[in-house]
Amino acid sequence: MQPLHLLGLSRAELTEFVESLDEPAYRARQIFAGLQQRRLHSFAEMTDLPKELRAKLSEHSEVSTLTLESRYLSTDGTRRYLFRTHDKMPVETVFIPEERRDTICFSSQSGCPLQCTFCLTAQLGLLRNLTAGEIVEQIIIALNDAYGVSVKPPRGTNLVGMGAGEPFLNFEALLKAIRVMKEPSGLHIVPNRVTISTAGIVPRIRELATIPDRPHLAVSLAAPTDELRNELMPINRKWPLRELLSACKEFEKSLKPNERFTFEYVMLAGVNDSDEQARQLANLLNRHELRAKVNLIPHNPAEPLPYHPSPVERVELFREILESKGVHAFVRKPRGRDILAACGQLAARSTPHLVAIT
Ligand code: SF4
């Protein structure tokens, strides 16, 4: 049996575990701070704990389960990591430094069961759900790699659940990880700094809306009509646009005064980027009177996907049409394209033509 992964435990659960080892509860406080605030990755580094306790802890539990397989550094500073879990499943994480804050894009599953045709991860199929500990560990390793163990990041950290996997198909572990990471005595990344992107798992959108301290929501649309969306995102056959948008409308009631939720729209040349499709998209969102913004994401080409990115002028025109119809739209700047770290490019493959820095 796999030892207990302590990174997936809340303060209360860690206290319970420590007490089950006949140790006083205050030790849990020390261990939690060591793991989540100082981001230590072994019991040996927890020198504030007695040696015997460290030995006892390593007998029953572990703090590091992901093995770094490769790490790539983009010319724009983005870093992509490919890890393996204890059972050799691939996990990818992307660290994106920005002027005022850093963003870490984490994976919620190894592979993905959904079959979006513009995404490389889809080709892996679902390998397995990640545990809460494996989700938290991705963030800890990325922060340590960027700033060093125990060093407080100089900027705030935003998290986006947009790596491999459909986060809403691993809902419990996802919410657990978010709860663990918000602890003030740990990583202290509050849900307001977290955005979860879904391909449109309707019941979970409704459920997320009922959670008081919830992360932000982004919904990947990719098409303005059911006909095209069925083709690009087959999950649409289960929950078509009408159902998806009415769940979004429902979700809107849970938005805070300045909060908007986001629709992601990947721009595929000649497939979903015409003027007519921009008008259809604006009409669709306006019909549902949604307080949302649209992020236009230039497609990131990756062999063997059959798509090309829309030209820059096309994307701009598409954006202008949306704006002219009252829909706020932005163009997302691709990051880490040269290291295959951009949206839709995560394929869990080591890329020998790129220079790995470990
Ligand atoms: S786009 Fe997201 S939901 Fe769709 S296949 Fe890729 S990882 Fe899965």
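Pairs of Lys residues in the chain are counted when their Cα atoms are under 20 angstrom apart and they lie 8 or more places apart or on different chains; the count is 9. For the chain, what class follows from the C-alpha gyration tensor (a ≥ b ≥ c being the square roots of its eigenvalues): rounded when a/c is under 1.5, otherwise prolate if a/b is larger than b/c, else oblate? Taking the square roots of the gyration eigenvalues as a ≥ b ≥ c, the chain is prolate.
For Thr47 and Ser246, what is the calculated FRET efficiency with R₀ set at 56 Å and r taken between the beta-carbons, to the nearest 0.05? Kindly include the intermediate steps, with their values, before the conclusion.
Working: r = 56 Å, r/R0 = 0.99.
Rounded to the nearest 0.05, the efficiency is 0.50.
If R0 is 45 Å, the Cβ-Cβ spacing of Lys238 and Arg38 corresponds to a FRET efficiency of close to 0.55.
Classify the range 34-100 from the C-alpha gyration tensor, please: rounded if a/c falls under 1.5, else prolate or oblate depending on whether a/b exceeds b/c. Provide the component values of the computation, followed by the final result.
On the way: a/c = 3.94, a/b = 1.76, b/c = 2.24.
Taking the square roots of the gyration eigenvalues as a ≥ b ≥ c, the range 34-100 is oblate.
Model label points for Glu303 and Thr117, set 7 angstrom from Cα along the Cα-to-Cβ axis, are 2.2 nm apart.
In this rough spin-label picture, where each label sits 7 Å from Cα along the Cβ direction, the Met1-Thr75 distance is 5.3 nm. Contact order for the chain, expressed relative to its length and based on alpha carbon pairs under 8 Å spaced 6+ residues apart, stands at 17 percent.
Oblate is the label for the range 29-174, because a/c, from the alpha-carbon gyration tensor with a ≥ b ≥ c as root eigenvalues, is 1.5 or above and a/b does not exceed b/c.
All of the numbers you see were taken from the coordinates with simple rules; none came from a lab. Note that the structure is a prediction, hence the values are computed from the model and not measured. Positions of Cβ are generated from backbone atoms using ideal geometry, with glycine treated the same way; all protein chains shown enter the neighbour counts.
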